[in-house]
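These notes concern the structure reproduced below.
No value in this document is a laboratory result; all are computed from the given coordinates. The structure presented is a predicted model; accordingly, all values stated were derived computationally and were not measured. Cβ sites come from the backbone with ideal geometry, for glycine too, and all protein chains shown count toward neighbours.
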Amino acid sequence: MCSVKQSNEPLSKADQENLLRIAEASIRHGLEQRTPLPVDPTEFSAPLQQQRASFVTLLKRGQLRGCIGHLEATQAVVADVAANAYSTAFEDPRFPPVSGTELPLLELHISLLTPAEPLEIGSEEELIQQLEPGVDGLILEDGYHRGTFLPSVWEQLPDPRTFVTQLKLKAGLPAGHWSETLRVSRYRTESIPPRDNHN
């Protein structure tokens, strides 16, 4: 039985709080300096120095306001979160850069990814059968087409078939696309909920 390996222990409340604080500080730094907050990982706890991939999502009144991240772990998670928070606020091509007046209205979510695990599948039916709704994040790749959905997307797309179809469209592929070169990987996330500091 193949399962997604989680080599990183869940973060403590204090470490989660630190990541949220760093993400918020990076957005504020971006407003003032137009650059991400510089972070020295050695100033933080050992778990925050571990290499982990992350995504940062911003919501405004419950609606998506930006979401950017990395699928592979390439740097300390505290540095990854700082970089992604900045990119989410100012570089998501779907939205204009965040303004200072929006800050009190934003809700910030952080997702830490487990290493992606390739799925052995021969058809779309096999893929759909293997999915665990609400838990699995997916990476879909074919040639230069690539797209991912975080597990949180299941809240909007609870049906596995629709989830897969919409991910193909996000990757720039036709809804009915399937080929021998299509690759699908699964990952899971540790979600860090936003601080309850906005009304």
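Can you compute the equivalent ellipsoid semi-axes for the range 117-187, i.e. the square root of 5 times each eigenvalue of the Cα gyration tensor, sorted largest first and rounded to whole Å?
Semi-axes, largest first: 17, 13, 11 Å.
Where does each of E180, E91 land when they are ranked from fewest to most other beta-carbon atoms within 10 angstrom?
Least to most surrounded, the residues fall as E180, E91.
FRET efficiency for K170 and R21, Cβ-Cβ distance as r, R0 = 25 Å, nearest 0.05?
Taking R0 as 25 Å, the efficiency between K170 and R21 is 0.20.
Can you tell which of I68, I121, I139 shows the greatest fluctuation in a Gaussian network model of the chain with Cα springs below 10 Å?
Checking each option, the largest mean-square fluctuation is seen for I121.
For the range 120-137, just list the computed ³J(HN,Hα) in residue order, Karplus coefficients 6.51, -1.76 and 1.60, θ = phi - 60°, integers in Hz, with x standing in for Gly and Pro.
Calculated HN-Hα couplings, in order: 8, 9, x, 7, 5, 4, 4, 4, 4, 5, 7, 6, 10, x, x, 10, 7, x Hz.
Rg/Rh for the chain: what does it come to with C-alpha atoms and Rh from Kirkwood?
We get a ratio of 0.98 for the chain.
Quick one: V39, V77, V135, fewest Cβ neighbours within 10 Å first, how do they rank?
V135, V39, V77
Before rounding to the nearest 500, sum -39500 (n - 2.57) across all DSSP H runs of length at least 4 in the chain and divide by the residue total; then give [θ] at 222 nm in deg cm²/dmol.
It lands at -9000 deg cm²/dmol.
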